[in-house]
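Coordinate-derived values only; no laboratory data. Just so you know, these numbers come straight off a predicted model, no measurement behind them. Don't worry about glycine lacking a Cβ; one is built from the backbone with ideal geometry, like all the others, and counts go over all protein chains shown.
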Amino acid sequence: MDDWIEHVCTTLDIPRDALDVDAVLDLARDASHSVDRPAAPVTAYLLGYVAGRHAQQPGADPDEPARALERIAADARGWSSAEG
């Protein structure tokens, strides 16, 4: 998987250190197990969207994407199937 990540980062011109693989995999696991399996890639995509939008904001707090990941992961872990 490391080779694939390196390839994608290079292809998309993303610094490799911009990705916390373990955090993204944990988020995907939490969304998949607690919400619904298809929620994993959709949640990861939405987090990436937020991180990209955040990167374009001058003076933005550099820790905000990590806090967003933590919030969404916590929400996923606490999600009930009754919530839909």
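Taking the Cα centre of the chain as the origin, how large is its charge dipole in debye, to the nearest 20, when only Lys and Arg (+1) and Asp and Glu (-1) carry charge on their Cβ atoms? Could you put the intermediate results ahead of the total?
On the way: 7 positive and 16 negative charges, 64 e Å.
It comes to approximately 300 debye.
Shape class of the chain from the alpha-carbon gyration tensor: oblate, with a/c at 1.5 or above and b/c at least as large as a/b. Quick one: helix 64-77 against the long Cα principal axis of the chain, what's the angle to the nearest 10°, folded into 0 to 90? Helix 64-77 and the main axis of the chain meet at about 20 degrees. Ellipticity at 222 nm from helices only: DSSP H runs of n ≥ 4 in the chain, each -39500 (n - 2.57), divided by the residue count, give -21500 deg cm²/dmol. Taking 31, 51, 40 in turn, the Gaussian network model of the chain (Cα-Cα springs below 10 Å) assigns the largest fluctuation to 51.
Just to confirm the number: angle between the C-alpha axis of helix 21-34 and the first principal axis of the chain, 0 to 90 degrees, nearest 10? In the chain, helix 21-34 runs at an angle near 20 degrees to the longest axis.
What's the extension gain from residue 6 to residue 26 if we count 0.36 nm per residue and subtract their Cα-Cα distance? Display every interim value, and only then the final one.
Values: separation 20, 0.36 × 20 = 7.20 nm, distance 1.94 nm.
Result: 5.3 nm gained on full extension.
Here the simple spin-label model places points 7 Å from the Cα toward Cβ, and for residue 56 and residue 80 these points are separated by 3.8 nm. GNM remark for the chain: springs join alpha carbons under 10 Å apart, and the peak mean-square fluctuation among 37, 16, 67 falls on 16.
Normalised by the number of residues in region 2-70, what is the relative contact order in percent for Cα pairs under 8 Å and 6+ residues apart? Worked out over region 2-70, it gives 20 percent.
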